[in-house]
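S.K.: Dropping a structure here in structure tokens format, bear with me for questions.
The values are calculated or read from the model by the stated rules, or taken from the named source; none is laboratory data. What you are looking at is a predicted structure, and each value in this text was computed from that prediction instead of being measured. For neighbour counting, all protein chains shown are included, and Cβ atoms are generated from backbone atoms with ideal geometry for every residue, glycine included. These accessible areas exclude ligands, DNA and RNA; they are computed on the full protein's heavy atoms, side chains included. Shrake-Rupley method; radii C 1.70, N 1.55, O 1.52, S 1.80 Å.
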Amino acid sequence: MTEQGVRWTADQVLALAPDAASRKAGSKLGTAGPWSEAGSAGGSVWGLCKGSGSRPYQTIVDVAGSEGPAYKCSCPSRKFPCKHALGLLLLWAGEDGSVAPSEAPAWAGEWLDGRRRRAAERQAPAPEEAGADAADPAARRRAESRARKRAERITAGTAELDQRLSDLLRGGLAGLEQAGYGVWEETAARMVDAQAPGLAARVRELGSVAASGPGWPMRLLEECALLHLLDQGWLNRQALPPDLAAAVRTHVGLPSAAQEPPERDTWLVLAQYDTVDSRLTTRRIWLYGTASGRSALVLSYGTAGRAPGLALPVGLAFDAELSGRPGSGQLRAELGERFGAPSPSTARPAGTGTEQAAAEYGTALRADPWLESWPVALGPVIPVPLPDRSGWQLADADGGGALPVTPAVAASPGLWRLVALSGGAPVTVFGECGHRGFTPLAAWPQGPGETVALC
């Protein structure tokens, strides 16, 4: 058990898996068969797992630390957590007596003691020299010079991109469906050279729009218009309101530090999922402040093929500080100091009607035209098929309105979990509301019940 005397559920454990293969492999190790000397104490779990070699793998998981779950395993896997850590947590969550309270063996105790000692040292007051660089005029001038030179490169890049978009539209869209991704990759590479990774990512997405089937010319024109608007926003950023200018800088790809003072709350982990491209794995973690009612998005990154380092169990809540980033409609925040391990919570966001949800998305979109989606908790709603059976929608229980489910998730396992949870009865659903529909990420039954992850 954790320090709060509770165990996680199997869903909360599997939500930590870096990919579907790890989830499947870890599930196979969630039985007592391959394990020996398994035990737990003070929020830590350990055990020996029989593998293909002569010596079993030594696996330890610390779920009690204020910095989130931590794992150590002697297996050669580069995944994090590995299948042995997931299997051990599933065995512990099963509460069948296979993981009995006991004293940690030396090989586990040494790692746990070192981890907690380092955590205590990190929480000690920062040395005085921490702010020396900021107070150093020479260092500040060098930083300002780097920022100015980068801004000049981005300005040159946006001017070039705008010219390329004009040439594209002047020549017509007829051949783009068969042109492949090459034409977009070349332009994206120019934006990378201009140190504008946000523009480069948007240009690459244009290639997928041109291959997205019937209606693609209109969708491509819409995306080109947004890209042109972003270009003009950068070129005229001095004339924009501060929040909108901050949003432009963020979408162009400039890093921004958290500027809001830290806000301490008990944060419920609503959803966690990864998006992957050829260069980067991005983990999106949605949090909900149980006292403030605030939604926040925490991002974590990993190189291509590697899981990001930060993982939080969906459905649990933890006491921590968050600092918000600047910009219109920006919900992104940085996770600061944590004051305890995640533990179960009965809190959940209050649901709103579909009409109000669409209005909230529209308001957010007005403040940030490049916003891809907006977090909303719908409820009470019922998942029902569209009248023509081409997809699904979430309809208000009182019959007031409905929002279509994003076509991309219409056949996903998460949607079927939602349909099974509802069984025709009203539920509360958290998800992202975007211009292609609503993407369900977590749900709750009307009565008492745990968070059901849908992604």
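S.K.: Can you give me the % of accessible surface on the chain that is carbon or sulfur? Probe 1.4 Å, all protein chains present, nothing else counted.
M.R.: Numbers: 11960 of 22060 Å².
Carbon with sulfur: 54 percent of the solvent-accessible area.
S.K.: Separate question: Using +1 at the C-beta of Lys and Arg and -1 at the C-beta of Asp and Glu, which of LEU403, GLN12, GLY180 has the Cα lying farthest in the positive direction of the dipole of the chain?
M.R.: Looking along the dipole axis, the top candidate is GLY180.
S.K.: Taking the Cα centre as origin and putting +1 on Lys and Arg beta-carbons and -1 on Asp and Glu beta-carbons, what dipole magnitude results for the chain, to the nearest 20 debye? Intermediate results must be reported in sequence, preceding the final value.
M.R.: Working: 45 positive and 48 negative charges, 221 e Å.
The dipole magnitude comes to about 1060 debye.
S.K.: Let me ask something else about it. With a 1.4 Å probe and every protein chain left in place, work out the accessible area per residue of the chain in Å², rounded to a whole number. Spell out each step's value before the answer.
M.R.: On the way: 22060 Å² over 455 residues.
Per residue, the chain has 48 Å² of solvent-accessible surface.
S.K.: To continue, here is another question. Provide the solvent-accessible area of GLU186, counting protein heavy atoms only and rolling a 1.4 Å probe, rounded to the nearest 10 Å².
M.R.: My reading of the accessible area for GLU186 is about 90 Å².
S.K.: Turning to a different aspect of this structure: By the scheme Lys and Arg +1, Asp and Glu -1, what is the net charge of all other residues having a beta-carbon under 13 Å from that of GLN356?
M.R.: Details: positive: none; negative: GLU355, GLU360, ASP396, ASP398.
Residues near GLN356 contribute -4 overall.
S.K.: Straight-line reach only, C-alpha to C-alpha below 20 angstrom: list the aspartates and glutamates that LYS28 could link to, leaving out same-chain residues fewer than 8 apart.
M.R.: Of all the aspartates and glutamates, those that pass the test against LYS28 - Cα under 20 Å, at least 8 places apart if same chain - are ASP11, ASP19, GLU37, GLU95, ASP96.
S.K.: Calculate for the chain the 222 nm mean residue ellipticity that helices alone would give, adding -39,500 (n - 2.57) per DSSP H run of length 4 or more and normalising by residue count, nearest 500 deg cm²/dmol.
M.R.: After summing the helix terms and dividing by residue count, I get -11500 deg cm²/dmol.
S.K.: Once the other residues with Cβ under 13 Å from the Cβ of VAL209 are scored (Lys, Arg +1; Asp, Glu -1), what is the net sum? Intermediate values should be presented prior to the final figure.
M.R.: Numbers: positive: ARG202, ARG204, ARG219, ARG436; negative: GLU177, GLU205, GLU222, GLU223.
That sum, taken over residues with Cβ under 13 Å, equals 0.
S.K.: Next up: How big is the accessible area of VAL276 in square angstrom, nearest 10, if you roll a 1.4 angstrom probe over the protein chains?
M.R.: Approximately 110 Å² of VAL276 is accessible to the 1.4 Å probe.
S.K.: In whole percent, what relative contact order does the range 2-64 give with Cα contacts below 8 Å and a gap of six or more residues?
M.R.: Numbers: 62 pairs, mean separation 17.3, N = 63.
About 27 percent, as a whole number.
S.K.: Further question on the same structure: Residue by residue through the range 215-225, which ³J(HN,Hα) values in whole Hz follow from phi under the Karplus form 6.51 cos²θ - 1.76 cosθ + 1.60 (θ = phi - 60°), with glycine and proline marked x?
M.R.: Values, residue by residue: x, 5, x, 5, 5, 5, 4, 4, 5, 5, 5 Hz.
S.K.: Sort TYR273, TYR301 by heavy-atom solvent-accessible area, probe 1.4 angstrom, most to least. Working shown, then result.
M.R.: Working: TYR273 50, TYR301 105 Å².
The residues order as TYR301, TYR273, largest area first.
S.K.: Just to verify a number: what accessible area does CYS73 come out at with the full protein assembly present, 1.4 Å probe, Å² rounded to tens?
M.R.: Rounded to the nearest 10, that gives 30 Å².
S.K.: What number comes out for the charge environment of GLU222, summing +1 per Lys or Arg and -1 per Asp or Glu over other residues with Cβ under 14 Å away?
M.R.: Working: positive: ARG202, ARG219, ARG436; negative: GLU205, GLU223, GLU372.
Here the charged neighbours net out to 0.
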